[in-house]
Amino acid sequence: MNESRGFTMLELVVVMVVVSLLAGAIVPNLLKRPAQARQVAIDQDFQSLQLVISLFALDNGFLPPQSTGLRSLNAYLQRIPKDPWGREYLYEMVSADDYRICTLGADGVVGGEGESIDRCLE
């Protein structure tokens with residue numbers, strides 16, 4: 001009997017995350033507009049993290065706890081992405097079923113303008 005085996009959801013997620021991480025690493029070096037490239041990298045990281053957090057929640061029945069934050073995703077990712085300035089993204093639980101992921105921009109300080117503006121996925 002000829003059995004076809006499709007890809008599992010986890011395999012698809014891993015491939016999408018790897019592609020997103022590669023795009024986030026390559027895009028800033030290819031574009032002549034580094035500020036715009038960093039914003040694209042942040043958007044890609046947010047999408048990847050959102051997908052992996054959803055998968056974590058499906059598997060566990062709850063969001064990653066704030067105490068362990070994005071480190072809870074180590075089983076799903078080979079490496080947790082960092083923002084374009086090399087800092088970890090901030091993870092905050094807003095409620096039992098809602099979270100926020102932020103980068104503090106180029107200066108790494110709350111607030112700011114231009115490249116130093118904070119960006120969050122809510």
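Points worth noting:
- Scanning segment 85-105 for residues that are among the aromatic types (Phe, Trp, Tyr) and surrounded by fewer than 13 Cβ atoms within 10 Å (Cβ to Cβ) returns no hits.
- Selection from segment 101-122 of residues that are closer than 14 Å to residue 89 by Cβ and either in a strand (DSSP E or B) or in contact with a helix residue (DSSP H, G or I) (Cβ under 9 Å, 6 or more places away or on another chain) (or both): 101, 102, 103, 104, 105, 108, 119, 120, 121
- Test set (1) modelled with pLDDT of 95 or more; (2) closer than 17 Å to residue 44 by Cβ; (3) among the aliphatic types (A, V, I, L, M) - residue 104 fails condition number: (2)
So that you can scan it fast, the table gives a plain yes or no per residue for (1) within 30 Å of residue 33 (Cα to Cα); (2) free of Cβ contacts under 8 Å to residues at least 40 places away in the same chain:
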residue: 49; (1), (2): yes, no
residue: 86; (1), (2): yes, yes
residue: 92; (1), (2): no, yes
residue: 115; (1), (2): yes, no
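- None of 37, 25 is at pLDDT below 80 and not aromatic (Phe, Trp, Tyr) except 25.
- Residue among 14, 19 that alone is part of a helix (DSSP H, G or I), out of contact with any Lys or Arg (no Cβ under 8 Å at 6 or more places or on another chain) and in contact (Cβ under 8 Å) with a residue 60 or more places away in the chain: 14
- Listed conditions (1) among the acidic types (Asp, Glu); (2) farther than 24 Å from residue 26 by Cβ; (3) modelled with pLDDT of 95 or more are all met by residue 97, apart from (3).
- For segment 61-84, filtered to residues that are out of contact with any Asp or Glu (no Cβ under 9 Å at 6 or more places or on another chain) and part of a loop (DSSP other than H, G, I, E, B), the residue that is surrounded by the most Cβ atoms within 10 Å (Cβ to Cβ) is 64.
The values are calculated or read from the model by the stated rules, or taken from the named source; none is laboratory data. Not measured: the values here are computed from a predicted model. Neighbour counts run over all protein chains shown; Cβ positions are idealised from the backbone, glycine included.
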